[in-house]
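Peer 1: Provided herewith is a single structure, encoded as structure tokens, for subsequent inquiry.
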Amino acid sequence: MGRVFLVELQSRSFYKCRFCHTHLAPSDNILSWSFNCRRGRAYLFSDVVNITLGPQEDKMMLSGMHTVEDIFCVCCGQILGWKYVAAHDKNQKYKEGKFVLESTAILMHFSNRWRIAEATEELNLDACAGSSDADTP
């Protein structure tokens, strides 16, 4: 096995592997939040990075028969979801080439710099500590 090169996303917010925190997809790549899987909610993405694909297999899903490949994290090997290779129903063709990440396998990451900037704008350093109205007799 060769050396693994990871793609580090530069987006303000992105999704990462829940288990090893490897970057997976910028939040801008989400196409739909309304997918479901055996373990709960899932999200449809246009593209993801830092994954490996399993073998193609036909699976009967809630929306019909699809040819899919399981998606694994390239670092820790955890199963993250699946990729739609082919849809057997013409109404489902829009899914072909898209990726589904299960919500139980991913975390949302927000850039620290962005969150710190928001917090400092709200912070008033000139404010003095005082008693509240509830403290007055």
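The values are calculated or read from the model by the stated rules, or taken from the named source; none is laboratory data. No experiment lies behind these values; they were computed from the predicted model shown. Backbone-built Cβ (ideal geometry, glycine too); neighbour counts: all protein chains shown. Areas reflect the complete protein model, heavy atoms only, side chains present, ligands, DNA and RNA absent. Shrake-Rupley method; radii C 1.70, N 1.55, O 1.52, S 1.80 Å.
Peer 1: For labels at M65 and I79 in the simple 7 Å Cα→Cβ model, what's the distance in nm?
Peer 2: Spacing of the two 7 Å Cα→Cβ label points: 2.2 nm.
Peer 1: Report ³J(HN,Hα) in whole Hz for each residue of the range 53-58, in order, from the Karplus equation J = 6.51 cos²θ - 1.76 cosθ + 1.60 where θ = phi - 60°; Gly and Pro get x.
Peer 2: Here the 3J(HN,Hα) series is 10, x, x, 5, 8, 7 Hz.
Peer 1: Quick check: convex hull of the Cα atoms in the range 1-103, volume per residue, rounded to a whole Å³?
Peer 2: Values: hull volume 10.2 nm³, N = 103.
Per-residue hull volume (Cα only) is 99 Å³.
Peer 1: Given T67, H109, G40, which one lies farthest toward the positive end of the charge dipole of the range 39-113, if we put +1 on the Cβ of every Lys and Arg and -1 on the Cβ of every Asp and Glu?
Peer 2: The Cα lying farthest towards the positive end belongs to H109.
Peer 1: Express in nm, to one decimal, how much length is gained between A86 and R41 on full extension, taking 0.36 nm for each residue of separation and deducting their alpha carbon distance. Don't skip to the end; give the middle numbers.
Peer 2: Details: separation 45, 0.36 × 45 = 16.20 nm, distance 2.16 nm.
Length gained between A86 and R41: 14.0 nm.
Peer 1: Using the beta-carbon distance between E8 and L53 and R0 = 25 Å, what value does 1/(1 + (r/R0)^6) give for FRET efficiency, to the nearest 0.05?
Peer 2: After rounding, the FRET efficiency stands at 0.75.
Peer 1: Which order do you get for C37, C73 if you rank them by accessible area with a 1.4 Å probe, largest at the top? The partial results should precede the final answer.
Peer 2: Details: C37 30, C73 0 Å².
Greatest to least solvent exposure: C37, C73.
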